[in-house]
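Take a look at the structure below.
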Amino acid sequence: MSAQIRLVEVTDANRDAVVALRVDPAQERFVASVEKSFLDAAENPSAHPWFRAVYDGDVPVGFVMLSWNLVPEPGLRGPYFLWRLLVGAGFQGRGYGRAILDEVVALLRADGAVELLTSYVPGDGSPEPFYRRYGFTPTGETDEDGEIVLRLPLARDDRGQG
Ligand SMILES: CC(C)(COP(=O)(O)OP(=O)(O)OC[C@H]1O[C@@H](n2cnc3c(N)ncnc32)[C@H](O)[C@@H]1OP(=O)(O)O)[C@@H](O)C(=O)NCCC(=O)NCCS
């Protein structure tokens, strides 16, 4: 059964609750905090940042940030790049991560996207198995920070699940 989630805009009303989301300390090397994500978004308008808080009912459980339809250039992959994805430590393993990707993929398809790129820091406990299970595969590239680049095709015929 898939988790029921909502993607919600971040406003002054919910900002503190979303910033309070934390991954497990051992996972902090794989993903930047929500606070850092807001700073990165503000400092990198050319990356076309788009982000949403993720709610289950009234409870914030996660955060997702993409580069949305940017013009690719050296150091900026896209047009669509999954930049941050996190599910709070106490909420992981319940299908939220997959449900977030399902929602994002639906929005991307509606926007005409044909692929979603992302990258991950390799190492023990990395999100690689999560992304692979969802259908991402390596492009063969490694980015300037040593992250492994992954691709999810979005054309309807590319995946059995869509
Ligand atoms: C990666 C992350 C978003 C996954 O979210 P989640 O809600 O725990 O994942 P789900 O419960 O939706 O899991 C979906 C599937 O992936 C599997 N999975 C999730 N994390 C996994 C891991 N670390 N290793 C192996 N399998 C994993 C689940 O077992 C499940 O498998 P199933 O299809 O057989 O049921 C979450 O663990 C997280 O926030 N991690 C820390 C931050 C991070 O690394 N973010 C990504 C880098 S930007």
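The values are calculated or read from the model by the stated rules, or taken from the named source; none is laboratory data. A quick note: this is a predicted structure, and the numbers were derived from the prediction, not measured. Neighbour counts run over all protein chains shown; Cβ positions are idealised from the backbone, glycine included.
Taking the criterion of being of a type outside the set (S, T, N, Q) and more than 15 Å from the ligand (Cβ to nearest atom), the residues of the stretch 7-18 that qualify are Val8, Glu9, Val10, Asp12, Ala13, Arg15, Asp16, Ala17.
Set side by side, the residues Val31, Val54, Val18 differ, and just one is in a loop (DSSP other than H, G, I, E, B) and either at pLDDT 95 or above or under 17 Å from Tyr120 (Cβ atoms) (or both), which is Val31.
Inspection of the stretch 92-103 identifies no residue that is acidic (Asp, Glu) and more than 21 Å from Phe136 (Cβ to Cβ). Arg84 meets the conditions (1) closer than 22 Å to Pro122 by Cα; (2) more than 9 Å from the ligand (Cβ to nearest atom) in every case but one. The failed one is (2).
A residue that is of a type outside the set (Asp, Glu) and in contact (Cβ under 8 Å) with a residue 40 or more places away in the chain occurs nowhere in the stretch 40-48.
Residues Asp56, Asp40, Asp24: which one is over 27 Å from Ile148 (Cα atoms) and among the charged types (D, E, K, R)? First the steps, then the outcome.
Working: Asp40 fails: over 27 Å from Ile148 (Cα atoms); Asp24 fails: over 27 Å from Ile148 (Cα atoms).
Every option except Asp56 fails the conditions.
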